[in-house]
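Working notes for the structure below.
Just so it is clear, none of the values below were taken in a lab; they were calculated from the coordinates. Bear in mind that the values here come from a model prediction, so they are computed numbers and not experimental data. Cβ: placed from backbone, ideal geometry, glycine included. Neighbour counts: every protein chain shown.
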Amino acid sequence: MAPVVPYKGQKYEDLRKQHGPDNLFEDPEFPANDKSLFYKRASPGNIEWKRPGELCESPKFTVGGTDSGDVHQGSLGNCWFVAATANLAQESELWEKVVPNASDQDWDDDNKDNYAGIFHFRFWRWGQWQDVVVDDRLPTHNNKLIYVHSKENNEFWSALLEKAFAKFNGTYENLDGGNTADALVDFTGGVAQSIELQQEKYFEDEEKKKELHQELKKCADRHFLISASIKVTSAEEMEAKTETGLIKGHAYGVTAVKTVKLGASGLSGLFNKEKVYLVRLRNPWGAKEWNGPWSDDSEEWKKISDDQKKKIGVVKEDDGEFWMPFDSFVTLFTSLIICRMPNKSYLSISRTWNENLYKSAWKYDAEPKKNRAGGCVNFKDTYLQNPQFLLDVTGDEDDVMIALTQPDTRADQNQSNKTIGFHIMKAEANRKYRVSTPLPKLVDSQYINSRSVFVKRTFTKGKYVIVPTIFEQKAESELMIRIFTDGGSPTMEMMKDQPSQGCMSGIRGYPRAVTKIQVLSATGLKKQDISGGADPYVYIKCEGKTARSPVKDNTLNPEWDFQAIFYRKKPQNPIIVEIWNSNTIKDQFMGQATLMGQVDPQPKHHVLPLHGRGRDSEETMPGNVSLVITSSEDLTAF
């Protein structure tokens, strides 16, 4: 586990040694007064801070283990946090990371001298796990907890966790309204993916619906944390109950995703191929459930065997947890959040992701080459002045997850989230330096004023430039970008606009021009393979530097659209474009074209005949190659 930093410099072990039953810890960083509760609201004046021992006879940190029933929402509008906490309670390994040494923190009736009134919890933020210390004085009214509480009146881990999270975010009031994705990431160090179910019309696309159910089932089986909600369009709709029993503006935890076979158990059931796709959710209130098909008392449960019910964990109680058909789920819920947790130890039987984390900043400067706050792609003259990151997919393809994050502003009442997103371009095969002119766009993330933005995508072989931006020009902020690759593709932040000029440049020479070559296609190549035409690729040579394109299978008229960029000390020297046929044993030469790369900032399209090896070869070879060449004396032109 990565090193854990004590929040506000408070070290739990040191503080615990300093306190005992006669000298209980009182947290000076989060005092038991209104300043820890509110920053805008006026105090109702009837809140008392009490320790668990003043609320019941035998307080316990946990009672009978942990589950989602341990977390019930109080009078604070923090269902986003409660839903995430209920998810957390069901995953013991994740819970133990957030709640370290839980048994050591529990009340010990046999060793009461160990009680010091101090607890600690761990949250992940900005690339770092932080240990947050709290005392156990909790806000109450009429001798009852007013915020998060357990169904067991002597169980306090969830209330204490909420207090630590409130401290971590400034006040309890700062937890009123929020994004479940943020809490899930803070609990896991994972990355959160948001899916807009209505906006992306999953309810009317059977193929998308099926793929989503499979993906969610896979995520649930891997113990990823999942949450769903129904958006509201007005304040009046907030927490309004629908006819089907669902609550609007409310974050539900997704606790299971199953494909269930209909029919009785035994031999008779073997011939029934009909299946139903179900999802199980939990209301953080601990009550008010879905009342449609496959709800607790619906007739649909008669369609499956008792063995199946037991296998998927069907419990008919008014506990806020319920099953519903996946069709209804994607129709009625509007937003879905999946918190993916790469590289957790119990996921090692699955894939292992390679993580690269970078911290940078959007910082404005009037000098364009120094400016790093260029705004979004709408600002065509400046958006490439933002920070840039290079992804180099060296294999045939690679699954990649990208999460862009800005600093959390919840604890700072003078700050708010900026609208952020990122733009991904397909770069030249040998790109090393920052991009100055737009390259072909591959994908844009959504732009949203949330703490993080996420994209998951499969990239084919090649180089890609990721440009994170704030929507507005000149807006400043720190940023963190995490790039997870399945195949270990290298990544880097691109800091330089052009090659460095060192002390040896006067002897070895320094580039006088930059040339971009775009090989579009070839036609009429000679058939080389017995089983087909050929498997051609392009090989570009320029002043000792080379670049090679992907192979195009079984064609004599390949289309590559392959780009490379060269920094040239001798622009008068020729550039060689060779075409080769890829073979298992030995590749075959198919011809080359020679062109002079005179400095000309205007793109020049050439269709050149192929000839034999050597610049001056007079041997003609079948076929032509089509390409575009552009050169400039400005090394930052591209």
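Here are some notes:
- Footprinting exposure proxy for V98, V467 (fewest neighbouring C-beta atoms within 10 Å first): V98, V467
- Ordered by the count of other Cβ atoms within 10 Å of each Cβ, fewest first, T62, T334 give T334, T62.
- Those aspartates and glutamates that a straight Cα-Cα span of less than 15 Å connects to K208, excepting residues fewer than 8 apart in one chain: E196, E200, D327
- D399 paired with K316, simple spin-label distance in nm, labels 7 Å along Cα-to-beta-carbon: 3.9
- Each peptide in 183-193, 215-225 receives the mean, over its residues, of other Cβ atoms within 10 Å, and ordering these scores from highest gives 183-193, 215-225.
- At full extension, N114 and T331 could sit 72.9 nm farther apart than now, given 0.36 nm per residue minus the alpha carbon distance.
- Axis angle, to the nearest 10 degrees, between helix 79-89 and the longest C-alpha principal axis of the chain: 90 degrees.
- Residue-wise HN-Hα couplings along the stretch 335-342, as the Karplus relation 6.51 cos²θ - 1.76 cosθ + 1.60 with θ = phi - 60° gives them from phi, are 10, 9, 10, 10, 9, 8, 10, x Hz; Gly and Pro carry x.
- Lysine pairs with alpha-carbon atoms under 24 Å apart, the stretch 49-177, spacing 8 or more or separate chains: 21
- The chain: angle of helix 206-221 to the longest principal axis, Cα-based, in degrees nearest 10: 60
- Coordinate range of the alpha-carbon atoms in the stretch 564-638 per principal axis, descending: 41, 27, 20 Å.
- Relative packing of peptides 401-410, 565-574 - highest average C-beta neighbours within 10 Å first: 401-410, 565-574
- Within the shell defined by Cβ-Cβ distances under 14 Å, the residues around V254 carry a net charge of +3, with Lys and Arg each +1 and Asp and Glu each -1.
- Sites N143 and S298 - FRET efficiency at Förster radius 30 Å, r taken between beta-carbons, to 0.05: 0.15
- Sorted by Cβ neighbour density within 10 Å, fewest at the top, the residues V279, V257: V257, V279
- Over 30 Å apart at the Cα level, from the set K210/K380; K35/K288; K369/K516; K441/K474; K426/K496; K209/K552, are K210/K380; K35/K288; K209/K552.
- Anisotropy class of the stretch 4-180 from Cα gyration tensor, a/c 1.5 cut: rounded
- Computed [θ] at 222 nm, deg cm²/dmol, the chain (DSSP H ≥ 4; -39,500 (n - 2.57); rounded to nearest 500): -3500 deg cm²/dmol
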